[in-house]
Amino acid sequence: MTGINRKAQQRSVEIISNKKVGAYHHMVFAVGDMATFAKPGNFVAISVGGSNSSMILRRAFAIYRSSDRGQYGGTIELVVAPHGQGSKWLTSLEIHDHVDMVGPLGVSFGIPAQPVSALLVGGGYGSAPLFGLAEVLKERGCRVDMILGASIAGKIYAPLEGKRSVNSLTVTTEDGSTGSKGKVTDVMPELIEKYKTEIIYSCGPMPMLAAVDSIAEQFGIMHQCAVEESMACGIGVCMTCVLPVKDENGVIKMTRSCIDGPVMDGSRVIWSSNRQIPEGTWGA
Amino acid sequence: MVENSNFDMRVKFGQKYFDSPVFTASGCAGSGKELSQFFPLTELGAVVTKSIALKPRSGRATPRMAETPSGMLNSIGLQGPGIDQFLEDDIPWLVANQARVIVSISGESVDDYASLARRLRVVPGLSGIEVNISCPNVENRGLVFACDPVASREVIEAVRRNIGGELPIIAKLSPDVTDIVQIAGEVISAGADALALINTLLGMVIDIDKQRPKLAGKTGGLSGPAIRPVAVRAIYQVHSAFKNTPILGMGGVSCGKDALEMIFAGASAVSIGTANFGNPTAAIKVKKEIRELLLERGFNSISEAVGVAHNE
């Protein structure tokens, strides 16, 4: 077990900003010292629907940015896609409304001890945690290149302040409405060779992470990915968000993405396990 | 705010007393460590562990979860490390942290349960055994012992023979039966000291875009506030028939009012399950509210309130 969320707390937090950006909402919450402990790759879990809600489960959101001091004290920023009932409710809230938040949760991205050349690959709003990561990597003297992909231009999340923290930004869309037409993996090999990438970080839908991992493997580059499985609790007690992952001894175990992830070593994840327990899994 | 420092929260299962009437439901508290980040486990009557089997179990494939109106379906399939590693890793930590522990056990045969009971009888620091004979997430519905009076009896007899001594046996029953009172009668006469009512109900959600069951395991166990009236009914019926057998009530308890319904129906204590997922401090909230609500209604102890809904 990698961690027990030692710094996690549960508190009522105030919304201090809620702005629509393309297909998403950028939301800022005043969270007090919860922000102090938030690292790139961590997430928060929020109760949705109000006190009489029939939605009993929290929604998990990757932290876009956090700041431990400012006009409102500590803040955590999220990029929310209003897909389902819960996220639609959240994005419909107004400034000064409060929500019940638990965080920061999960395993954050590992930061290399030496300055290296890093390639960050994000899909859709999966780009959100990568900007905070980019800032940290830049502070450590890393070269940071970023690829963001989505189906259409409106689903690319690339705010101005985020762009400042990267050396290069490449955008791909499947319909070609902005950037180059195609997928993030179409442009990866060229960028890896051009910038001599030494580590890959990724966040986005699972099929994208799987495709990124196969390129990482092909080039023999370490790959840290933030996986996305639907969660009921976010704190490691419900066992629903599992996926098959090899442990340090090579044994495949159904592993919680909330507490043993979401950031995982891509080479250990068994990607081809659609609706099945892979053969050889411990206890299968 | 009513103050009464003498309010008696104790409950008794078999020969064991517990200081709080709020427990965690099996499979809803991880290893205990995860929740201990949010409150001290000593606040609980006991941690009821995930149901442990003899051998490691991978559990079922994903998706394992579907949210439903005021509830959820889960299809975990008893994922766990098996009894050996469980006794090595989970139990020592819980005991070292002063948590009271009730170990939940699950088997595929009567012999499995007997073997598990033999393993547990020599483990120091335990406060009880929950015999889970009602998990709906197994491949073969014939393995849901709690659907069959004879199988239910055989399992509890086997555990009774092998556990010996002082550890109370709590039999966990399924509401998915025609007559839960009959099953309760069988397990009580076989030696169960208490009953855990209820396990989840078998359910299904269809994904209308994919036109297939949403869960990889197709069916799952329904839990949460949606099933609370079913739990209250089951507790009421069983308490009516067996007044002297304590009941650990569960099924959608997320606040003090929910717990009171169960206590008034006949539960001596309640377990918090799905509510832990939405609110890591649900157990603390329920405990505080039980005390306040019972004091407001003129009760001085939990035991005074048990089953009052049956009064003429």
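Data overview
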{"quantity": "Rg(Cα) / (2.2 N^0.38 Å) computed for the protein assembly as shown, rounded to two decimals", "calculated": "1.01"}
{"quantity": "Amide H partners (placed H, <5 Å) of B:D8, local residues excluded", "calculated": "B:S301, B:I302"}
{"quantity": "Estimated dipole of chain A in Debye, rounded to 20 [Cβ of Lys and Arg +1, of Asp and Glu -1, Cα centre]", "calculated": "300"}
{"quantity": "Computed [θ] at 222 nm, helices only, for the protein assembly as shown once each DSSP H run of length n ≥ 4 contributes -39500 (n - 2.57)", "calculated": "-7500 deg cm²/dmol"}
{"quantity": "Cα shape, the range A:100-160, gyration tensor, a/c 1.5 rule", "calculated": "oblate"}
{"quantity": "The range A:217-227 - phi-based ³J(HN,Hα) in whole Hz, Karplus 6.51/-1.76/1.60, Gly and Pro as x", "calculated": "5, 4, 8, x, 10, 4, 9, 9, 10, 9, 7"}
{"quantity": "Chain A: Cys lacking any partner C-beta under 4.7 angstrom", "calculated": "A:C142, A:C203, A:C225, A:C241, A:C258"}
{"quantity": "Neighbour-limited loop hits for trypsin sites (Lys or Arg not before Pro), the range A:150-251 (at most 13 other Cβ within 10 Å; DSSP other than H, G, I, E, B)", "calculated": "A:R164, A:K196"}
{"quantity": "For the range A:9-105, accessible area per residue (1.4 Å probe, heavy atoms of protein chains only), Å²", "calculated": "42"}
{"quantity": "Residue (of B:V270, A:C203, A:A60) at the positive-pole extreme of the protein assembly as shown, dipole from beta-carbon charges", "calculated": "A:C203"}
{"quantity": "Longest to shortest principal axis, alpha-carbon extents of chain A, angstrom", "calculated": "50, 47, 38"}
{"quantity": "Å² of accessible area per residue within the range B:1-95, as computed with a 1.4 Å probe and no ligands counted", "calculated": "37"}
{"quantity": "In Hz, Karplus ³J(HN,Hα) per residue of the range B:29-41 (6.51, -1.76, 1.60; θ = phi - 60°; x = Gly, Pro)", "calculated": "9, x, 8, x, 4, 5, 6, 5, 5, 9, 6, x, 5"}
{"quantity": "Chain B: Rg to Rh, with Rh as the Kirkwood radius over Cα pairs", "calculated": "0.94"}
{"quantity": "Peptide A:246-259 - average C-beta neighbours from other chains (10 Å radius)", "calculated": "2"}
{"quantity": "Farthest positive-ward along the protein assembly as shown dipole, Cα basis, beta-carbon charges - from B:Q182, B:I156, B:S106", "calculated": "B:S106"}
{"quantity": "Range in chain A, longest, excluding exposed GluC sites (Glu not before Pro) [loop by DSSP; at most 15 other beta-carbon atoms within 10 Å]", "calculated": "A:1-93"}
{"quantity": "Chain-alone versus full-assembly comparison, the range B:29-53, residues with accessible loss of at least 10 Å² (1.4 Å probe)", "calculated": "B:G30, B:K33, B:E34, B:L35, B:Q37, B:F38"}
{"quantity": "Charged-residue dipole, Cβ positions (Lys, Arg, Asp, Glu), the protein assembly as shown about Cα centre, Debye nearest 20", "calculated": "360"}
{"quantity": "Karplus-derived HN-Hα couplings along the range B:191-196 (A = 6.51, B = -1.76, C = 1.60, θ = phi - 60°), whole Hz, x at Gly and Pro", "calculated": "x, 6, 8, 7, 10, 9"}
{"quantity": "Chain B, dipole about Cα centre (Lys/Arg Cβ +1, Asp/Glu Cβ -1), debye to the nearest 20", "calculated": "340"}
{"quantity": "Of all accessible heavy-atom area on the protein assembly as shown, the percent that carbon and sulfur account for (1.4 Å)", "calculated": "48"}
{"quantity": "Cα convex hull of the range A:117-273, projected area averaged across orientations, nm²", "calculated": "9.6"}
{"quantity": "Other-chain or far-sequence residues with amide H under 5 Å of A:I147's (modelled H)", "calculated": "A:L120, A:V121, A:G122, A:T170"}
{"quantity": "Mean Cα-pair separation over length for the range B:1-54, i.e. relative contact order, pairs under 8 Å, 6 or more apart, %", "calculated": "34"}
{"quantity": "Solvent-accessible area per residue for the range A:117-273 (1.4 angstrom probe, square angstrom)", "calculated": "38"}
{"quantity": "Sequence-distant residues sharing a close amide H with B:V205 (under 5 Å, placed H)", "calculated": "B:K214, B:L215"}
{"quantity": "Dimensionless Rg over Rh [the range A:41-124; C-alpha; Kirkwood]", "calculated": "1.03"}
{"quantity": "Total accessible surface hidden between B and A, rounded to 100 Å², 1.4 Å probe", "calculated": "3000"}
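The values are calculated or read from the model by the stated rules, or taken from the named source; none is laboratory data. Because the structure is a prediction, the values reported are computed rather than measured. Every residue, glycine among them, receives a Cβ derived from its backbone with ideal geometry; neighbour counts consider all protein chains shown. Remember, those area values only see protein heavy atoms, side chains included, never the ligands or the DNA or RNA. Shrake-Rupley method; radii C 1.70, N 1.55, O 1.52, S 1.80 Å.
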